[in-house]
Amino acid sequence: METAKKTRNDKNDKARIDETPGEDAARRNGIGAGKVLKSMVLAGHAPEVTQLNGVIFGEWADLGLLLELDNVAAQGNWQKLLFPTVWSLLNNHGHVVAAPLGIHRINNLYYNVAVFNRLGLSVPRSWEEFDKVAAKLKQAGIVPLAQSGESWQVATLFETLVLSEGGPAYYRQLFVDLSPRAFADARLLRALKRLRVLKQVMQLPVKERSWTEVARQLVDGEAGMFIMGDWAKGDFNAWGLSADHQFGCAAVPGTADYHLYSIDTLAMFADDYSHQPAQEVLAQIAMSPAVQSDYNKFKGAIPVWRSPDTSKMDGCSQNSWRVFSKGSAYLAPSLVHRMATDETTKDAIVAELRRFFVDDQISEAEAQRRLASIARALSRTGKVE
């Protein structure tokens, strides 16, 4: 999961680090962290290390601002160790410009085990089953689906619905290629309709809350289900909960064979190269077996290695790793979490999705037309190559 943490300076003015948190302040407009980073760089205070997920660090690399980690990657045999998708992401015009941390799966459906057991419910594998489970939860006085009205959370839910309706190939046509034909497709309309159906099994009105608050609603038994990336497991575990006993984890209906992903990476700003030795050591540490295994266990993600130690993974992570290992045909880069396209495109689509979500007067067909218009406009202005 990718946001930005506050930059920290110690008393000795050591490395400034723009980190990755679960803080929702930066997530609310989706570009807060990026604006802070740009202002720091323009002011001559670029952090030595920053988390830059997705396509954005290629833009920094094109400006010649990032340290190239070619020697570290070659010495560590990264190309052989990493999943091809991860290796490709790190490369910019033939140079390695970031160190990978972990891979998040976003299309996860969490459920309260105690609630499901008490009501005799089975984990829904299809939307028809989901609707039946939701009806029983509602009848029992439990919110079927926990959800926040924050823009990024609404859009995160929606991109899982697109994956469910169309699969990875269609998903990429829509959010990576911005294909006009894809935006006119009936699968997009079905995803919008499913979002409207799901809204009716949420706690109305759907308020803007941090994702940790929404996760608490599930844990406390106020809600039966919750759709969110696997970073939620990090908080569940930190709260002393265990997978399969207090919370369950399954794929969102219709996406069991697919992986909607976000990859956490660390990029190093070159500046005057005075910190290069320390930066290269950090890159080596990020790729070490201990960090890949233990860090991702706590984060909720999976290692970037093709052959990690799966014995330390819970069932949810093992399933995530199994699906990601199947290859690019089963993978979809997250729009919301900066893996699919540039910030301008992402922000425009996310804003339109939230407008549709909060205003029930906007029809699904009208929302589809608006999204198609955004795609065409951005293509004409050159925002999308």
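The values are calculated or read from the model by the stated rules, or taken from the named source; none is laboratory data. From a predicted model like this one, the values you see are computed outputs, not experimental measurements. For neighbour counting, all protein chains shown are included, and Cβ atoms are generated from backbone atoms with ideal geometry for every residue, glycine included.
A few notes on this one:
- Qualifying positions in the range 255-276 - of a type outside the set (A, V, I, L, M) and under 18 Å from the mean Cα position of the chain (by Cα): Thr255, Asp257, Tyr258, His259, Tyr261, Ser262, Asp264, Thr265
- Residues that are buried (at least 17 other Cβ atoms within 10 Å of the Cβ) and in a helix (DSSP H, G or I), drawn from the range 306-329: Cys316, Ser317, Asn319, Ser320, Trp321, Val323, Phe324
- Scanning the range 265-290 for residues that are touching a residue at least 12 places away in the same chain (Cβ under 8 Å) and over 21 Å from Asp62 (Cβ atoms) yields His275, Ala278, Glu280, Leu282, Gln284, Ala286, Met287, Pro289.
- Residue within the range 133-146 that is surrounded by 15 or more Cβ atoms within 10 Å (Cβ to Cβ), assigned to a loop (DSSP other than H, G, I, E, B) and among the charged types (D, E, K, R) present: no
- Qualifying residues in the range 223-247 (those that are part of a strand (DSSP E or B) and at pLDDT below 95) - the one surrounded by the fewest Cβ atoms within 10 Å (Cβ to Cβ): Ala243
- Selection over the range 315-353 of residues that are free of Cβ contacts under 8 Å to residues at least 60 places away in the same chain, among the charged types (D, E, K, R) and over 17 Å from Val162 (Cβ atoms) gives a count of 1.
- Between Gly44, Gly58, Gly54, the distinction of being outside any helix (DSSP H, G or I), out of contact with any Lys or Arg (no Cβ under 6 Å at 6 or more places or on another chain) and small (Gly, Ala, Ser) belongs to Gly44 only.
- Every residue from the range 179-207 that is part of a loop (DSSP other than H, G, I, E, B), of a type outside the set (S, T, N, Q) and loosely packed, with under 15 Cβ neighbours inside 10 Å: Ala184, Leu204, Pro205, Lys207
- Scanning the range 76-95 for residues that are within 22 Å of the chain's Cα centre (by Cα) and touching a residue at least 24 places away in the same chain (Cβ under 8 Å) yields Leu82, Phe83, Pro84, Thr85, Val86, Leu89, Leu90, Asn92.
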